Amino acid sequence: MSDSRLRRVAVLVLEGAKPLDVGIPAQVFTTRASMPYEVRVCGAAAGLVTGGDGLSYAVAHGLEALEWAEIVFIPGYRFPDREDPPKPVVDALVAAHDRGARLAAISTGAFALAATGLLDGRRATTHWHYTRALAARHPHIQVDENVLFVDEGSVLTSAGAASGIDLCLHILRGDLGVAASNHAARRLVAAPYRSGGQAQYVPRSVPEPLGERFAATREWALHRLGEPLTLEILAQHAAVSARTFSRRFVKETGYTPMQWVMRARVDMARELLERSERGVEQIAADVGLGTGANLRLHFQRILGTTPSEYRRTFAQGE
């Protein structure tokens, strides 16, 4: 029997569905003590769905699962640019959205979401190999090929399979807070947070050792957020000039180094607000923001809320 306290997630498996794309939301949101969701895997009809890569899926539910769901994931599928999904599928997606469900496409699942018309006039992304095809087939969509995912509120899209994890963690962060998202990332052995604005892949002009060095510098900085961190200090750790570090960092992450540090500090403050009873002034000092006023300023700018409101929403045990 369904527990009414659980958030309802449907994973819509279409013909040619890619195994990783199907498995990611099913695994991330599967019901457990730390994850108050219920997942139903469905298709255009209950029964066997022929997938991609030699796999098929025995789904227990048909499109009625979309009437039940609060979040609908549309995994990627093969040959998405050839034809739209069947009309009953498109109509069911539109109806779910009209009822208030969020629709989240992973990789080429964006083509099915685009067929609904719900992405017209909005930003969206898909796997980099198909971005031009998506733009050509749906010219009213603002296709962005240089991001991991796009959150347009009630409709969300992500790039390739790995960025589907980023999208799922992003949704968890919004629903349950940073601590729950980080817990899920540890369980998946995934990066706790990669921003939607991060590039889908590092351009080949960037030598691989440099990219690895920057990853090490980011990890080093995450353990020193309470200390002074300037562009020069970060560049010195990476053993490159400040100018080179700044330019390459933006290409890798979508943020300037100091924007990334600020967001990391706000994230750390979010987790402390969720998991500790420290006051705002103490948290501000612990994460390197100095004063409570400074923390409130950046909280409002980045998250659109205050530390006290955030704590009331996401504090553990509430």
Practice problem: Take the alpha-carbon centre of region 108-126, take the same for region 6-63, and report the distance between them in whole Å. | Solution: 20 Å
Quiz prompt | Å² of accessible area per residue within the chain, as computed with a 1.4 Å probe and no ligands counted | solution = 47 Å²
Quiz prompt | Relative packing of 148-154, 20-26, 218-224, which averages over residues the other C-beta atoms within 10 Å, highest first | solution = 20-26, 148-154, 218-224
Quiz prompt | Helical segments meeting 24 Å axial Cα length and Kyte-Doolittle 0.0 threshold in the chain (DSSP H) | solution = none
Self-check item: Euclidean distance of C-alpha centroids, region 149-189 and region 214-267, integer Å
Solution: 22 Å
Practice problem: Could you list which residues have their amide H under 5 Å from that of G52, counting only those 5 or more apart in sequence or on another chain, with H placed in the peptide plane? | Solution: G16, A17, K18
Practice problem: Note down the net charge around R122, summing +1 for each Lys or Arg and -1 for each Asp or Glu among other residues with Cβ under 11 Å from its Cβ. | Solution: -3
Quiz item: How large is the helix-only mean residue ellipticity at 222 nm for the chain, computed as the sum of -39500 (n - 2.57) over DSSP H runs with n ≥ 4, divided by its residue count, in deg cm²/dmol to the nearest 500?
Solution: -14000 deg cm²/dmol
Quiz item: In the chain, what percentage of the DSSP-assigned beta bridges are antiparallel, given to the nearest 5?
Solution: 30 percent
Exercise. Specify which labelled value, from (i) 28.9; (ii) 36.3; (iii) 17.1, agrees with mean projected area of the Cα convex hull in nm² derived from the coordinates of the model shown.
Key: (iii)
Quiz item: Once amide H atoms are built 1.01 Å from N in the peptide plane, which residues 5 or more positions from R40, or in another chain, come under 5 Å H to H?
Solution: V9, A10, V11
Exercise. Give the carbon-plus-sulfur fraction of the accessible surface of the chain in %, rounded to a whole number; probe 1.4 Å, heavy atoms of protein chains only.
Key: 52 percent
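The values are calculated or read from the model by the stated rules, or taken from the named source; none is laboratory data. On a predicted model such as this, the values are computed, not experimentally measured, just so you know. Every residue, glycine among them, receives a Cβ derived from its backbone with ideal geometry; neighbour counts consider all protein chains shown. These area figures cover heavy atoms from the full protein model, side chains too; ligands, DNA and RNA do not enter into them. Shrake-Rupley method; radii C 1.70, N 1.55, O 1.52, S 1.80 Å.
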